[in-house]
Each structure stands twice: as C-alpha cells, then as structure tokens.
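Quick notes on the structure that follows.
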Amino acid sequence: MPPGANTPRCGDCLQNPPAFDSTIVACDYEAPQDRLVLSLKFGHHLALAPVFAAMLRDAILRQSHQDLPDFLCVVPLSQNRLTERGFNQALEIGRPLSQHLGIPLYPQALHKTRETAKQSSLAPDARMRNVKNAFVPDDQLLQTIKGRHIGIVDDVITTGMTLHEIATMLKRFGARKVSNYVFARTPHHTY
C-alpha cells in the first residue's frame with residue numbers, strides 16, 4: 001500500500017483509539033527520506049520544505065474519498081526550541097502545502113504551553129505524559145474552531161502521541177474532525 005494510503009490500525013490503536021480522525025503521510029521515515037528530514041530540521045536546508053509539501057499534497061490528493069479540512073495548523077515548537085532552531089519545520093512545510101491545496105493556514109493557531117523533552121528521546125509509554133496538556137489554541141482559533149475540520153501539519157510521526165494530544169485539545173474545544181498531514185512516518189507503526 002502506498003505511504004499516503006490509509007492503512008489498517010495497529011492493535012494498540014484499536015485498543016486505545018487516537019483522538020485524530022486520519023493521518024496521511026507522503027513517505028516512510030527511512031533512507032533516503034530520513035536524511036532529508038534531518039537536513040531540513042537540523043541542517044537548515046529550508047529549500048526542502050516545498051519539496052516535502054508537494055509530496056504531501058500528492059499523497060493527500062490521492063485520498064479522493066477524504067474531504068479537505070477547513071484550515072491548516074502546524075505542530076508548534078516551544079519558544080526555547082524555536083529560538084534555538086530559528087524556524088519551525090512544520091510551518092515551513094505547511095506554508096507551501098496551504099498554497100498547493102488552496103486551504104488557509106493559521107500559523108500561530110496553536111501554542112505550546114511549556115518546554116517538553118524531545119519525544120524522540122523518550123520510550124513510547126513516556127511520550128503521552130510528556131505532552132499531556134502541553135498545547136492550547138490561540139484565542140482567535142477558539143472563535144472559529146467549533147464544528148470545523150482542522151488539518152494539522154508536521155514533519156514526522158512516530159507514536160502519534162503529540163498529534164493525539166493536539167487532536168484531544170482541539171476536540172475538547174469543539175472541532176468536528178482532525179486530520180494529520182505528515183511528511184514521514186516511522187515504518188514500524190500504522191496509524
């Protein structure tokens with residue numbers, strides 16, 4: 001099945017369903033894509049972001065049975081991590097993706113309320129505790145969220161805990177549906 005296709009949920013996802021409704025990815029996080037993600041994220045090769053967005057757009061459009069969201073948001077970085085890196089890789093992917101799909105992007109719609117450990121450094125069972133209550137919507141988003149379908153853009157999904165926590169928060173404030181649009185996924189999970 002191509003990476004963008006909806007794959008069956010794993011046993012853990014069946015027992016503990018995620019709060020998000022769907023996830024579409026452009027590729028698996030393995031060679032050579034893993035090196036490209038690292039080049040964007042840590043090598044500041046921002047020219048890769050439009051390429052990732054185009055690949056993600058193609059994966060999204062292959063899913064013709066799925067409706068597009070009302071607007072896009074990006075997974076936010078903490079202020080410290082944003083200052084350290086100088087940019088948010090999800091936002092760099094989200095900007096051209098928004099243009100490709102003709103869907104508005106609200107780059108400041110979500111905020112990270114506190115510094116968290118890097119998810120990649122944690123065991124799967126610790127990841128949920130790490131991001132619990134770490135995200136809030138912007139006041140302007142609160143006025144428009146109820147009954148809306150929201151798309152969340154990110155670079156990589158591993159266990160899905162960050163996206164689950166964001167979707168949980170969005171649905172608590174009235175979002176009807178939350179779809180994830182992620183460039184790469186670690187291949188040992190299905191979402």
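Structure notes:
- Note on the stretch 54-191: semi-axes of the ellipsoid equivalent to its C-alpha gyration tensor, largest first and rounded to whole Å, are 22, 18, 16.
- Computed helical MRE - 222 nm, the chain, DSSP H runs ≥ 4 contributing -39500 (n - 2.57), nearest 500: -11500 deg cm²/dmol
- Annotation: amide H of THR23 within the under-5 Å range of ASN180, sequence separation 5 or more or interchain, hydrogens built in the peptide plane.
- Residue order, fewest to most surrounding Cβ atoms within 10 angstrom, among VAL153, VAL131: VAL131, VAL153
- When +1 charges are put on Lys and Arg Cβ atoms and -1 charges on Asp and Glu Cβ atoms, the dipole computed for the stretch 18-185 relative to its Cα centre reaches about 340 debye.
- In Hz, Karplus ³J(HN,Hα) per residue of the stretch 21-26 (6.51, -1.76, 1.60; θ = phi - 60°; x = Gly, Pro): 8, 7, 9, 10, 10, 8
- Dividing the mean sequence gap of close Cα pairs (under 8 Å, 6+ apart) by how many residues the chain holds gives a relative contact order of 32 percent.
- Each part gets one Cα centre, and for the stretch 161-190 versus the stretch 89-120 those centres are 12 Å apart.
- What you get for the stretch 84-173, charging only the Cβ of Lys and Arg (+1) and of Asp and Glu (-1), is a dipole of about 280 debye around the Cα centre.
- Ordered by the number of other Cβ atoms lying within 10 Å of each residue's own Cβ, fewest first, HIS164, HIS149, HIS44 fall into the sequence HIS44, HIS149, HIS164.
- Segment ASN16..GLN108, full-extension length gain: 30.2 nm, with 0.36 nm per residue of separation and the alpha-carbon distance subtracted.
- GluC sites (Glu not before Pro) restricted to the stretch 84-169 and DSSP loop, no more than 15 other C-beta within 10 Å: GLU115
- Residues TYR29, TYR106, TYR181 arranged by fewest to most Cβ contacts within 10 Å: TYR106, TYR29, TYR181
- Amide H contacts for ILE157 (H built 1.01 Å from N in the peptide plane; partners 5 or more residues away or on another chain; cut-off under 5 Å): ALA184, ARG185, THR186.
All of the numbers you see were taken from the coordinates with simple rules; none came from a lab. Bear in mind that the values here come from a model prediction, so they are computed numbers and not experimental data. With ideal geometry, Cβ positions are generated from the backbone for all residues, glycine too; neighbour counts draw on all protein chains shown.
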